[in-house]
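The values are calculated or read from the model by the stated rules, or taken from the named source; none is laboratory data. Note that the structure is predicted; figures quoted are calculated from it, not measured. Virtual Cβ from ideal backbone geometry, glycine too; neighbours counted across all protein chains shown.
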Amino acid sequence: MNVRPWRNFYGRRKGKGLRPTQQRHLAEILPRLRLPGVALDENPDRKTIDPVALAHGARAVWLEIGFGGGEHLHAMAKAHPDVRFLGCEPFVNGVAMLLGKIATDDPGNVRIHPGDVRDLVEVLATGTLGRVYLLYPDPWPKARHHKRRFASSGTLAELARVMAPGAELRLATDIPDYAEHAVAAAAEAGCFEPVVTGAPAWHAAWPGWPGTRYETKALREGRVPHYLVWRRR
Ligand SMILES: C[S@@+](CC[C@H](N)C(=O)[O-])C[C@H]1O[C@@H](n2cnc3c(N)ncnc32)[C@H](O)[C@@H]1O
């Protein structure tokens, strides 16, 4: 994993040991699906990557940030074969879980950046993403850690740059305070128009929603999902 020395990252990059099959998937499948030109050593001059040009005729390019075990990404890629999906996940065990799904059932339209999405956004061409999913971002519940939350006005503004006008940003969270925090951050970013950002509408799952692993756990523990949507102006 190629780490930017100037960027704080508070999540996990590695968990428990990988099984031999997972190690094989990382060695054999990931190089084929990895987005080229994001790693610093591959692209030291930070040349722009146009994901639409790389997607060879897909009708749109959608990004999922922090795909965890890849349940949503894999299901959506299968449900939308005409869309190219970019998935970012710095946690190598999560990447290995997605690769396990692809090894048995490859939808053929997934590309992966196994790292921090901010490194990808930095090099993506302006206005190229048709939709962005941010599903159950790390909650950082303590007030002194709120500045670590992904949904900050600065990060959302950077994301907005690479989104096409009219593209949707979809965010799911089980933390009511995170939902409020994201609404304020998106308003401050100044480039998003709210589509669904208040109760009761934000408790309705999006059509075709396959769920995520984190959501299953949250539901089991009695927490309530919020599904927020903004449109890029
Ligand atoms: C709470 S988990 C949710 C995982 C998955 N979306 C789900 O719902 O099951 C948050 C995920 O975001 C990832 N993450 C955190 N910071 C990230 C970043 N800067 N870029 C990409 N992914 C990130 C974490 O590694 C973790 O897998």
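Note on segment 148-201: among residues that are of a type in the set (V, I, T) and closer than 14 Å to P225 by Cα, the one that is surrounded by the most Cβ atoms within 10 Å (Cβ to Cβ) is T173.
Among the conditions (1) closer than 19 Å to W209 by Cα; (2) buried (at least 18 other Cβ atoms within 10 Å of the Cβ); (3) over 16 Å from the mean Cα position of the chain (by Cα); (4) not β-branched (V, I, T), A55 misses just one, which is (1).
Can you pull out the residues in segment 189-233 that are of a type in the set (A, V, I, L, M, F, W, C), over 12 Å from L171 (Cα atoms) and at pLDDT 95 or above? So that I can check it myself, show each step before the final result.
Here is the first cut: in segment 189-233, the residues of a type in the set (A, V, I, L, M, F, W, C) are 189, 191-192, 195-196, 199, 201-202, 204-206, 209, 218-219, 224, 228-230.
Subset that is over 12 Å from L171 (Cα atoms): 189, 191-192, 199, 201, 204, 209, 218-219, 224.
If the condition is that a residue be of a type in the set (A, V, I, L, M, F, W, C), over 12 Å from L171 (Cα atoms) and at pLDDT 95 or above, then A189, C191, F192, A201, A204, W209, A218, L219, V224 are the ones that fit.
Note on segment 202-224: residues that are closer than 23 Å to L98 by Cα, free of Cβ contacts under 8 Å to residues at least 40 places away in the same chain and loosely packed, with under 12 Cβ neighbours inside 10 Å total 3. Does V83 satisfy being more than 16 Å from the ligand (Cβ to nearest atom), β-branched (V, I, T) and surrounded by fewer than 23 Cβ atoms within 10 Å (Cβ to Cβ)? Taking the combined requirement at face value, the residue satisfies it. Enumerate the pairs (first residue in segment 107-122 and under 19 Å from T155 (Cα atoms) and at pLDDT 95 or above; second residue anywhere and in a loop (DSSP other than H, G, I, E, B) and among the β-branched types (V, I, T)) with beta-carbon separation below 7 Å, excluding pairs fewer than 6 apart on the same chain, so at least 6 apart or on different chains. Cβ pairs passing all conditions: H113/V38; L120/V38; V121/V162.
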